[in-house]
Each structure stands twice: as C-alpha cells, then as structure tokens.
1. Considering only residues of the range 152-167 that are over 17 Å from Thr65 (Cβ atoms) and either within 11 Å of the ligand (Cβ to nearest atom) or free of Cβ contacts under 8 Å to residues at least 60 places away in the same chain (or both), which is farthest from the chain's Cα centre (by Cα)?
2. Are any residues in the range 168-201 assigned to a helix (DSSP H, G or I), open to solvent by less than 20 Å² (accessible area, probe 1.4 Å) and away from the ligand (no atom under 13 Å from the Cβ), and if so, which ones?
3. Condition test on Val210, is it away from the ligand (no atom under 16 Å from the Cβ), surrounded by 14 or more Cβ atoms within 10 Å (Cβ to Cβ) and either of a type in the set (A, V, I, L, M) or under 23 Å from Phe95 (Cα atoms) (or both)?
4. Among the numbered criteria (1) in contact (Cβ under 8 Å) with a residue 40 or more places away in the chain; (2) farther than 25 Å from Arg292 by Cα, which single criterion is violated by Thr127?
5. Among what's in the range 218-267 and is small (Gly, Ala, Ser) and open to solvent by 60 Å² or more (accessible area, probe 1.4 Å), pick the residue that is farthest from the ligand (Cβ to nearest atom).
6. State whether one or more residues within the range 303-324 are at pLDDT below 95, part of a loop (DSSP other than H, G, I, E, B), more than 16 Å from the ligand (Cβ to nearest atom) and of a type outside the set (Phe, Trp, Tyr).
7. Mind telling me which of the residues Asp295, Asp254, Asp289 ends up being more than 24 Å from Ala242 (Cα to Cα) and touching a Gly at 6+ places or on another chain (Cβ under 6 Å)?
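The values are calculated or read from the model by the stated rules, or taken from the named source; none is laboratory data. Remember, it's a predicted structure, so these values are computed and weren't measured experimentally. Cβ coordinates were reconstructed from backbone atoms using ideal geometry, including for glycine residues, and neighbour counts include every protein chain displayed. Just so you know, the surface numbers come from the protein's heavy atoms only, side chains and all, with ligands and any DNA or RNA stripped out. Shrake-Rupley method; radii C 1.70, N 1.55, O 1.52, S 1.80 Å.
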Amino acid sequence: MNDCAAARRHLVPAVAAVAMALALASPLRAQAPPVPPWPSVPADGLMASLRTLSSEEFEGRGAGTPGGARARAWVRERFGAIGLKPASDSFEHPFSFTPRGRTQDGAELAAVHGVNLIGTCPGTDPTLPVMVLSAHYDHVGVRGGEIFHGADDNASGVAVLLEAAAHCIRQPFRRTLIVAAFDAEEMGLQGAHAFLAAPPVARDRVALNVNLDMVARGDKGELYAAGLHHSPTLRPLLDPVAARAPIRLLFGHDTPGSGNDDWTLQSDHGVFHEAGIPFVYFGVEDHPDYHRPTDTADKVNPVFFANAAATVLDALRALDAGLE
Ligand SMILES: [Zn+2]
C-alpha cells in the first residue's frame with residue numbers, strides 16, 4: 001500500500017460524515033447519489049506485475065517471439081489464479097496475419113502467429129450487455145540487439161487489467177466483464193481485429209470497450225480518458241470519477257481532425273470504434289521513453305500508478321452501474 005492510498009482511506013469516513021451531516025441539514029442534499037467507497041489498489045502488486053512483464057526474460061514481448069510466448073504463459077497463469085473463466089475451452093485464442101511491407105528482397109513478410117488471452121468475470125445480471133476490458137501484452141521485442149522493455153507500453157495496462165479482474169472476481173459487476181489481453185497491437189491492432197472477427201459474445205451484446213494502454217507514466221500527474229467525444233452520454237458517468245480521483249483525470253484526445261492528438265484509432269479501442277462499439281481509452285501522453293529501450297520499470301512512479309489504477313477501477317464501477 002502506498003502513502004496516498006492510506007491517507008485517502010482515512011479521509012473517506014470523514015468525507016462520509018460531512019456528507020451525512022449535510023444530508024441531515026438539507027433535504028435537497030439527500031437527493032445526491034451516494035459516493036461509493038474508493039477502490040484502493042496497492043502499488044506493490046501492480047509494480048510486481050509491471051516489473052515481471054517488462055523484465056529481460058520476456059525480451060520485449062514481440063508478437064510471435066519466444067519472449068512473447070513466455071509473457072503470454074505468465075499472463076495466462078495469472079488469469080487462472082485470479083479465477084477468471086476461459087471464454088471458450090481455453091484462455092488462448094490463436095490467430096495469424098501477414099504484416100504489411102516487404103523484405104529487402106521484395107518478398108512478402110512471413111505470417112505472424114499471435115495469441116489473445118480472453119477470460120470472463122461473470123456479472124450478477126447475465127441479461128445485460130457486457131463490457132470488454134482490454135490491454136495489449138505485446139510490445140516491439142528486440143531491435144538492433146536492444147530489448148524494448150515496454151514498461152509503460154503496455155506492461156502497465158496489463159498490470160491494471162489483472163488487478164481489475166481480481167476485483168471483479170471478488171465483487172462482481174452487474175454486467176459480465178470480458179477480460180482481454182491482446183497480442184500484436186504493435187503490428188497494427190491485430191489482436192483486437194482477431195477478437196472482433198470471432199467475438200466470444202455477439203457484437204451487439206458488447207456495450208463498451210475499456211482499453212488500457214500506457215497508464216503508468218504520470219510525469220505530469222495526468223491520465224486521459226479518451227472516447228467521450230464519440231460517446232458523450234458517458235460523460236455524466238465519468239465526471240464524478242474525475243472529481244474524486246487522486247490524480248488529474250482529463251477528457252480529450254478524441255476530436256476528429258486533430259491529427260496525432262486524436263487517439264481514436266491509435267490503440268486496440270480503435271477497432272471497437274470502427275465496429276460501432278463505444279470505447280473509453282485510458283492512457284498518458286507520450287513521454288521521451290515512448291517506443292525506446294528506456295521504457296523501463298524504474299521510470300514509473302508507484303504512487304501515480306496505483307492512483308491511476310484505482311481511478312480506472314472506479315470508472316469501471318461507474319460505467320457498469322450507469323450504462324444503459
Ligand atoms: Zn501500446
């Protein structure tokens with residue numbers, strides 16, 4: 001547990017007491033929705049996951065590489081230990097694709113074999129459309145003899161995905177949460193394409209994709225939630241989350257025509273968007289170590305990371321409660 005989380009836990013009863021006093025003093029205040037308890041996420045478990053996934057052993061987790069396969073085996077084992085149920089007879093969903101481009105001799109590039117990991121946390125109301133929580137576990141592997149560790153991109157998202165999955169198993173959501181660790185995002189969002197080509201539930205039963213990609217490097221103390229430009233009805237659900245978040249949760253990076261500032265198609269959520277499925281994407285702005293070998297675990301501030309994870313979890317609960 002980090003100091004901020006501990007401090008916040010002490011604050012919550014005081015805030016609740018003030019809220020109750022105000023409610024008693026003013027009948028109007030009694031109409032305000034209750035503030036649910038803040039979900040605390042200990043930093044040590046998150047950091048342990050992030051360090052493991054970005055370690056030398058996994059060699060940058062390139063899709064179709066031995067390091068990628070070792071990373072997958074580790075995530076798969078965690079899915080089972082958490083108590084997620086396989087979406088079919090296995091957590092593993094293999095797919096193949098041929099990367100764009102040519103070899104130096106002008107030949108087509110060889111097919112790459114990727115594997116998505118998909119588990120479910122059953123909801124308390126199976127009649128409701130589901131939410132898909134996603135994070136890509138692959139990164140760019142080894143280039144020029146150097147390991148690209150991908151601590152922020154995207155060991156961080158997978159670490160939060162695992163924590164959120166464990167929370168869901170302990171205290172299920174109303175709607176079923178499909179937990180997807182995608183492969184080959186770095187080669188053109190291939191895992192997300194494969195997922196939606198053969199989804200574990202019909203597409204029209206997917207209410208929302210919540211995608212996590214680069215959520216640990218809060219160099220500015222800011223985390224973005226993108227996607228509300230396309231789905232403005234989600235804004236009232238996330239405004240209270242931003243108001244009580246221990247970090248700055250900002251909305252944006254989703255305005256068409258804003259070039260690279262528009263993140264709508266820049267990670268796996270883009271495939272859901274193109275399929276007409278609303279998304280909320282959580283991520284930080286680019287930093288100097290983005291897609292460099294220096295994207296390492298030691299650059300991550302554990303306090304920001306834990307607070308970002310708690311904010312994502314709070315948002316998931318708010319979205320689960322408030323979605324139509
Ligand atoms: Zn990424």
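1. So, considering only residues that are over 17 Å from Thr65 (Cβ atoms) and either within 11 Å of the ligand (Cβ to nearest atom) or free of Cβ contacts under 8 Å to residues at least 60 places away in the same chain (or both), the one farthest from the chain's Cα centre (by Cα) is Asp152.
2. Across the range 168-201, the qualifying residues are Cys168, Phe195, Leu196.
3. no
4. (1) is the only condition that Thr127 fails.
5. Across the range 218-267, the extreme among qualifying residues is Ala243.
6. Within the range 303-324 (the criterion being at pLDDT below 95, part of a loop (DSSP other than H, G, I, E, B), more than 16 Å from the ligand (Cβ to nearest atom) and of a type outside the set (Phe, Trp, Tyr)), the answer is yes, since at least one residue qualifies.
7. Unique residue meeting the criteria: Asp295.
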